[in-house]
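The values are calculated or read from the model by the stated rules, or taken from the named source; none is laboratory data. The structure displayed is predicted, hence computed values, not measured ones. Cβ sites come from the backbone with ideal geometry, for glycine too, and all protein chains shown count toward neighbours.
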Amino acid sequence: MKQLIFDSDFKNLIARPLNWTNSVEIPANVQKYIQNISNSTVIYDENLKKYYCPLCLKELNKDNCCPKCLKKYNIRGNNANKVWWEIDNIKDLKYENFYSYFDVLDGEVILYIVHEDISYNSPYISIPYRISKLKINNAFHILNKGIVDLINNKYYSYEEINNKVKKDEDSFEYSLVGDYIFNNYLYTDNLEELKNTIYRYTKIWEAKNYLKKNYVGILDLIYTPIYFKGFEYLMNLKFYTLAFNKAYLINYEDKVKQLFKDQDYVKFMIKNKFKYNDLEAALICKTYDKDLLKFMTYSIERLKKIINMTNINIKKLKDYFAKNKYKNYLLIEYYDYIRFASTLGLNLKDKNILFPKDLLAEHNKLQLEFQILKEPNMASKIEELANKLAINTYEDEKYIIKAAPTLESLIDESRQQDNCVRTYCKAYSNNELQIYLMRQRKDVNKSFVTIEVRNGKVVQARCKYNKLPNENIKNVLKKFEGALKIVD
């Protein structure tokens, strides 16, 4: 947004940027709401599985109480900021929250998004110095046929938004807001002010209790209620979980209409709090089997691709997983397996191909063939590089670290560690980076730590499930890094 002013000689009008957000005051009641949430949002260390007081940074005791300020916390999935590294090893802890609130003036509606940046100067001092900064991140004027981004002075018609979300709703929301907002808290105490505005038919205020307890996407506040024709219908059903969960992606074609005509199934959907992915699953296979729905929704987009490639019976696929005691997350591996099989020209109507006896073994076998098909020289290049990198082999009384010797070893490492190192095959074969495998002497065949090296420096080291190594292992890695020789 710009404003017109005279130049220094008062002869010509010139335009200059207008940063009006500096003059927008966040209402006191909204600030109080933000402070209450911020002070109650505990810090969770994913690696250590521990919770910390957001005010004192002290570990909570078994009663979820801070031993310093004695504040007790009610820990839920929605009020824990995840920290992906070990708190004891950081000098500065930072995280962020996002909040939104409606402002109504003369019947016009603006949705503000507030960014809260929280930081501590050090976790080691007795009273960590906590700083919380608030700023207006976005402001959207909501109109009949579109919205105006008041900060960038840009207009988006609902038709334009509709076309963009169909292609990729996540990337559009990111481009609209300028951030991935996973934890949008909506201020709900003034929702009834929307009754005499463009929101009059949405009945959004009736979902006040739901909106208090659940994160809501920005598009679900500024686009879905106004433009999406099924929103009012979902609100009348009090189907809030679906109304505020990417309902704008629902295409009211015959299959969806038929689903909603079944009143018993609608009651089942409401009772089980269906979200968009659940609806997608029901459209693939209308079922009352909650386990089957859960199985399908784990990776719904991959499942749809599997069906397109194989026309597989979903119930039989779930039974196959259950029989072999495969976890749902292996659906991702199964999709890769089917993709490899399809590319390699295998018969996807053959039950032995569709349901292999050992999914992971067959997956790795086909992946190797797939990689060789794409890059015929990759395997030999990796072996040649690994021979050169043998000079960097590290050994002590407990551990051995050596370069991944073959393409097969990378694929096996990825399987054992449940990480994505297999996707580094090409970069490794071209020596753009180097992959080393750390093993314990007592079990040299079992994966222990996967190490990525660039320019003679360890840039990543991960244990199983991408967890960070402990201090003892980090000290070994420092010794390994100190002796590294760069190989061109």
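General observations
- Failed item in (1) over 17 Å from Ile113 (Cα atoms); (2) touching a residue at least 12 places away in the same chain (Cβ under 8 Å); (3) not aromatic (Phe, Trp, Tyr), with Lys167 passing the rest: (2)
- Within the stretch 138-154, the residues that satisfy the criterion of being at pLDDT 90 or above and within 27 Å of the chain's Cα centre (by Cα) are Asn138, Ala139, Phe140, Ile147, Asp149.
- Enumeration of residues in the stretch 325-335 that are in a helix (DSSP H, G or I) and surrounded by fewer than 16 Cβ atoms within 10 Å (Cβ to Cβ): Asn328, Tyr329, Ile332
- Odd one out for Tyr240, checked against (1) among the hydroxyl-bearing types (Ser, Thr, Tyr); (2) crowded, with 18+ Cβ neighbours inside 10 Å; (3) under 16 Å from Glu280 (Cβ atoms): (3)
- Residues that are over 23 Å from the mean Cα position of the chain (by Cα) and outside any loop (DSSP other than H, G, I, E, B) within the stretch 164-209 comprise Leu191, Glu192, Glu193, Leu194, Lys195, Asn196, Ile204, Trp205, Glu206, Ala207, Lys208, Asn209, listed in sequence order.
- The strands (runs of 3 or more DSSP E) found wholly in the stretch 384-488 include none carrying at least 1 residues that are in contact with a Cys (Cβ under 7 Å, 6 or more places away or on another chain), surrounded by fewer than 18 Cβ atoms within 10 Å (Cβ to Cβ) and assigned by TED's automatic domain parsing to the domain that holds Glu362.
- With respect to the stated conditions, Pro376 is part of a loop (DSSP other than H, G, I, E, B) and either touching a residue at least 60 places away in the same chain (Cβ under 8 Å) or within 26 Å of Asn430 (Cβ to Cβ) (or both).
- For Val216, the conditions (1) hydrophobic (A, V, I, L, M, F, W, C); (2) modelled with pLDDT of 95 or more; (3) in a loop (DSSP other than H, G, I, E, B) are fulfilled apart from (2).
- Unique residue being in contact with a helix residue (DSSP H, G or I) (Cβ under 9 Å, 6 or more places away or on another chain), surrounded by 17 or more Cβ atoms within 10 Å (Cβ to Cβ), not acidic (Asp, Glu) and not assigned by TED's automatic domain parsing to the domain that holds Tyr276 when the list is Tyr180, Tyr158: Tyr158
- Test: residue in the stretch 315-330 that is closer than 30 Å to Ala243 by Cβ, of a type in the set (A, V, I, L, M) and without any contact (Cβ under 8 Å) to a residue 60 or more places away in the chain: no
- Odd one out for Phe268 among (1) assigned to a helix (DSSP H, G or I); (2) modelled with pLDDT under 95: (2)
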